[in-house]
Amino acid sequence: EAQVTQNPRYLITVTGKKLTVTCSQNMNHEYMSWYRQDPGLGLRQIYYSMNVEVTDKGDVPEGYKVSRKEKRNFPLILESPSPNQTSLYFCASSLGTGHPPFYEQYFGPGTRLTVT
Amino acid sequence: GQQVMQIPQYQHVQEGEDFTTYCNSSTTLSNIQWYKQRPGGHPVFLIQLVKSGEVKKQKRLTFQFGEAKKNSSLHITATQTTDVGTYFCAGQGRDDKIIFGKGTRLHILP
């Protein structure tokens, strides 16, 4: 089954304790992206990757890191989480974004992160 | 930078009434996509519009892309309880970055 998986689905942690949220897709997609969703703010892009070893900042990259060593995986790293990073995080993937126009994004189930 | 504004933020309608949500971009878009997120779920792709003035229909849903490729709308005819959720537009600008609108949350009154 074609899908995007995220782990963990729920996480409660404390300020400053490094954490990683994994994302994996089995569709051989080139493009992967991380979003955070907050009430009233919609989906905001954190980082995206056009292909292996190619990553770029989205709209809200501060406090996050990513890597794309393999095509299928795109982990999100919070080196020193803070309470303002409490949010619902979605990973997404698509065939690509270049011209012709970008393809539909497939979203993972989400990771609800609470930082106390 | 590029912004995509979506209105209204919330909409309550009686079951059977129509519903429309609008997206407006500060810049010309290459294309626009629409997604639906059910409560507690993740965004799911609905459709993509590419051409100026394009209109596409999916059963009771009608999607439009403006002539200037700076605005779009989603119209649902005769809403049903299954239409409940948040509808997002996502525009791709000339720099290939994807910007989501903040979404319109649709609530259906039985």
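The values are calculated or read from the model by the stated rules, or taken from the named source; none is laboratory data. Values in this document were obtained by computation on a predicted structure and should not be read as measured data. Counting neighbours? That spans all protein chains shown, and the Cβs are built from the backbone with ideal geometry, glycine included. The protein model used for the area step is the full one, side chains on, heavy atoms only, and it has no ligands, DNA or RNA in it. Shrake-Rupley method; radii C 1.70, N 1.55, O 1.52, S 1.80 Å.
Compute, for chain B, the length of the dipole vector about the Cα centre, with Cβ point charges of +1 (Lys, Arg) and -1 (Asp, Glu) only. Units Debye, rounded to 20. Numbers along the way, then the final one.
On the way: 13 positive and 8 negative charges, 46 e Å.
Computed about the Cα centre, the dipole is about 220 debye.
How would A:Ile12, B:Ile47 line up by accessible area, probe 1.4 Å, largest first?
Working: A:Ile12 130, B:Ile47 15 Å².
In descending accessible area the options line up as A:Ile12, B:Ile47.
Roughly speaking, what is the centre-to-centre gap between the range A:29-70 and the range B:1-62 when only Cα atoms are used, to the nearest Å?
22 Å
What figure in square angstrom, to the nearest 10, would you give for the accessible area of B:Val13 with a 1.4 Å probe?
B:Val13 exposes around 10 Å² with every protein chain in place.
Expressed as a rounded percentage, what relative contact order does chain A have, with Cα pairs under 8 Å and six or more residues apart? Write down the numbers at each step before the final one.
Values: 307 pairs, mean separation 40.6, N = 116.
Dividing the mean separation by the residue count of chain A yields 35 percent.
Can you report the principal axis dimensions of chain A using only the alpha carbons, biggest first, rounded to whole angstrom?
Principal axes ranked by extent give 43, 26, 25 Å for the Cα atoms.
Only Lys, Arg, Asp and Glu count, each charged at its Cβ (+1, +1, -1, -1), so figure out the dipole size of the protein assembly as shown about its Cα centre, rounded to 20 debye. Don't skip to the end; give the middle numbers.
On the way: 25 positive and 18 negative charges, 51 e Å.
Here the size comes out at about 240 debye.
Are there GluC sites (Glu not before Pro) in the range B:5-86 that DSSP marks as loop and that have at most 15 other Cβ atoms within 10 Å, and which are they?
Values: sites: B:Glu15, B:Glu17, B:Glu54, B:Glu67; in loops: B:Glu15, B:Glu17, B:Glu54, B:Glu67.
Hits after loop and neighbour filter: B:Glu15, B:Glu17, B:Glu67.
Per-residue accessible area for B:Ile108 at 1.4 Å probe radius, Å² rounded to 10?
Its accessible surface works out to 10 Å², give or take rounding.
Over the range A:56-106, what is the mean sequence separation of C-alpha contacts under 8 Å (at least six apart), divided by residue count, expressed as relative contact order in percent? Could the numbers behind the result be given before it?
Working: 36 pairs, mean separation 10.8, N = 51.
With pairs under 8 Å counted, the relative contact order is 21 percent.
Given Cα pairs under 8 Å that are at least 6 residues apart, what percent is the relative contact order of the range A:1-67? Don't jump to the answer; show the numbers that get you there.
Numbers: 84 pairs, mean separation 14.6, N = 67.
About 22 percent, as a whole number.
Using 7 Å Cα-to-Cβ label points, what is the B:Asp95/B:Lys57 separation (nm, one decimal)?
Distance between label points: 3.9 nm.
Could you look at the range B:1-65 and say what percent of its accessible area is carbon and sulfur, using a 1.4 Å probe and all protein chains?
Exposed carbon and sulfur together represent 50 percent of the surface.
What does the net charge come to around A:Ile77 if you take all other residues with beta carbon closer than 11 Å to its beta carbon, with K and R at +1 and D and E at -1?
Values: positive: A:Lys18, A:Lys65; negative: A:Glu79.
Taking every other residue near A:Ile77 into account, the sum is +1.
Once phi is turned into θ = phi - 60°, what whole-Hz ³J(HN,Hα) does the Karplus curve with 6.51, -1.76 and 1.60 give for every residue of the range B:17-29, x standing for Gly and Pro?
So the J values, rounded to whole Hz, are 7, 8, 9, 9, 10, 10, 10, 10, 9, 6, 9, 5, 9.
So which residues of the range A:31-74 lose at least 20 Å² of accessible area, probe 1.4 Å, when you go from the chain by itself to every protein chain present?
Listed by number, the residues meeting the 20 Å² cut-off are A:Tyr35, A:Gln37, A:Gly40, A:Leu41, A:Gly42, A:Leu43, A:Gln45, A:Tyr48, A:Asp59.
With a sphere of radius 9 Å drawn around the Cβ of B:Leu29, what net charge do the other residues whose Cβ falls strictly inside it have (Lys, Arg +1; Asp, Glu -1)? Before the final figure, lay out the partial values.
Values: positive: B:Lys69, B:Lys70, B:Arg94; negative: none.
Neighbour charge sum, excluding B:Leu29 itself: +3.
For chain B, would you read off the P(r) tail past 25 Å as a percentage of all alpha carbon pairs?
Working: 967 of 5995 pairs.
Counting every Cα pair in chain B, those more than 25 Å apart make up 16 percent.
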